[in-house]
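Notes to accompany the following structure.
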Amino acid sequence: MGGLVIRSDQPKKETEYKTLPAIAGGRPVRNTLLPYARQWVDEGDIAAVTEVLQGDWLTTGPKIAEFEKKFAAYVGAKYAVAVVNGTAALHAAVFAAGIGPGDEVITTPITFAASANCVLYQGGMPVFADIDPRTYNIALDGVEKKITPRTRAVIPVHFTGQPCDLDEIHELARRNGLVVIEDAAHALGAEYKGRRIGGLSDMTIFSFHPVKHITTGEGGMITTNSLELYQRLVSFRNHGIVRDRSFMIEDQGPWFYEQQELGYNYRLTDMQAALGLSQMKKISSFLERRRKIVEAYNHSLAGIEELTLPCQAPYSLSAWHLYVVSLDLDKLTVGRREIFEALRAENIGVNVHYIPVYRHPYYRRNGFSNAGASCPNAEKLYQSIISLPLYPAMSDQDAFDVVEAVSKVLHHYRCK
Ligand SMILES: *Cc1c(COP(=O)(O)O)cnc(C)c1O
């Protein structure tokens, strides 16, 4: 992972911009598709998994405990519970918080659907609060407006890896008796006021999907400082079963175990935990590489008037899961769709994060068809955003290709 050199000849000369975008018959900036995200798996990772395969434990064994311990220590939490994916982590957290029918949980619409689905799994009702138009994170006044006597919890999402203003959220939660579950699927290694995300709220969840900071194939983790929540999470991951005799309602003998709650089989395997442990060794170099690419993007795209680059709040140190730019559509002759398609034609794997959750047909069918009315900032943002590729395995040349494609396409569609 060499350092990314910022070339002094960026941006390119005017004549070079004049080359046609691929979508209009020009030559694409590259011949193969650059994905928006991709895992980094090396020989060390492969050896770690192979070693487990040759041993005694495939499902929950010693590697799970080791992974949980290392992970908790890294994020600064007392306890960590590994589960099958980030969605299961959210589900477990909502269960542990005691959310059920009649309860409302406030979250942001600018997130992956799982941040809200987890509330529905337990029979609760997600409620969408508008975002801050600068950071794109959930806005405090947006949350305040949505609090009712039924509100039980809030799920702030650290969108793109930039922490939400947690002091504000914690203060609001304290005044209203709410549980705070941070969705930190984007934010492994991020810091809020110098403190690492993971041990700051009642519970925090992480995802180890291949596009996230570290991967276990599929995988997730919940961190907490509460022994009580920890015990509920551990039981939920294993059918709601309790094996500790001191917690049993009726101990019938040495063979006995009790299913005390309705849980699930959300257990991660030891192979995956071994991969997670091996990946954890690389977190700081992964973060550093992401930040280097972001620096290069910030530097090279700064002069493009039609773009708003990611805005960082002073209290946050982002983990940079995503690099989301917003188009100034008033300055362009076409819409976001055409720009998106033109970048894809250049073989740049752009994406959109996210479709506001309430816009999905399932949500529209189930009472959320008007949810956008109270989320004007989310609605507006959704029209203009594009995520550029960002991941540690990107080469310097890959990053330059992105800059060149964006410059070329926006120059072509600029209002003259
Ligand atoms: C990835 C992601 C999830 C879900 O994680 P999985 O491991 O894919 O289940 C939840 N919330 C956000 C914000 C995510 O980006």
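The values are calculated or read from the model by the stated rules, or taken from the named source; none is laboratory data. Since this is a predicted model, take the numbers as computed values, not measurements. All Cβ positions, glycine included, derive from the backbone under ideal geometry; neighbour counts span all protein chains shown.
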Return the pair list, or none, for Cβ contacts closer than 8 Å from residues in the range 56-77 that are in contact (Cβ under 8 Å) with a residue 60 or more places away in the chain to residues that are of a type in the set (Asp, Glu), at least 6 apart or on different chains.
TRP57/ASP270; LEU58/ASP270; THR59/ASP270; THR60/ASP270; GLY61/ASP270; PRO62/ASP270; LYS63/ASP270; ILE64/ASP270
Considering only the range 109-137, state which residues are near the ligand (Cβ under 9 Å from one of its atoms) and either outside any helix (DSSP H, G or I) or at pLDDT below 95 (or both).
THR111, PHE112, ALA113
Those residues that are within 13 Å of the ligand (Cβ to nearest atom), touching a His at 6+ places or on another chain (Cβ under 8 Å) and not hydrophobic (A, V, I, L, M, F, W, C), I need them from the range 172-225; list them, please.
GLU182, ASP183, HIS186, LYS212, HIS213, THR215, GLU218, GLY219
In this structure, does PHE236 turn out to be more than 30 Å from THR50 (Cβ to Cβ), surrounded by 17 or more Cβ atoms within 10 Å (Cβ to Cβ) and either more than 27 Å from the chain's Cα centre (by Cα) or modelled with pLDDT of 95 or more (or both)?
yes
Just to be sure before I move on: is TYR315 within 30 Å of LYS145 (Cα to Cα), crowded, with 20+ Cβ neighbours inside 10 Å and at pLDDT 95 or above in the structure I sent?
no
Residues satisfying the stated conditions in the range 64-96, i.e. within 16 Å of the ligand (Cβ to nearest atom) and aliphatic (A, V, I, L, M)
ALA80, VAL81, ALA82, VAL83, VAL84, ALA88, ALA89, LEU90, ALA92, ALA93, VAL94
Regarding THR111, is this residue over 30 Å from GLU261 (Cα atoms), touching a residue at least 60 places away in the same chain (Cβ under 8 Å) and under 15 Å from the mean Cα position of the chain (by Cα)?
no
Hits in the range 194-215 (condition: polar (S, T, N, Q) and either under 11 Å from the mean Cα position of the chain (by Cα) or in a strand (DSSP E or B) (or both))
THR204, SER207
Considering every residue within the range 309-316, establish whether at least one is closer than 22 Å to ALA399 by Cα and either in a strand (DSSP E or B) or in contact with a His (Cβ under 9 Å, 6 or more places away or on another chain) (or both).
no
Please give the helices (runs of 4 or more DSSP H) falling wholly within the range 334-416 in which 2 or more residues are under 21 Å from GLU295 (Cα atoms) and without any contact (Cβ under 8 Å) to a residue 24 or more places away in the chain.
none
What about ILE64, is it more than 19 Å from LYS281 (Cα to Cα), modelled with pLDDT of 95 or more and either in contact with a helix residue (DSSP H, G or I) (Cβ under 9 Å, 6 or more places away or on another chain) or part of a strand (DSSP E or B) (or both)?
no
Filtering the range 115-136 down to residues that are free of Cβ contacts under 8 Å to residues at least 60 places away in the same chain and under 17 Å from the mean Cα position of the chain (by Cα), which residue is surrounded by the most Cβ atoms within 10 Å (Cβ to Cβ)?
CYS118
Flag if VAL324 is of a type outside the set (S, T, N, Q) and closer than 25 Å to ALA97 by Cβ
no
Taking the criterion of being surrounded by fewer than 20 Cβ atoms within 10 Å (Cβ to Cβ), away from the ligand (no atom under 16 Å from the Cβ), within 30 Å of LEU287 (Cα to Cα) and modelled with pLDDT of 95 or more, would at least one residue in the range 11-21 satisfy it?
no
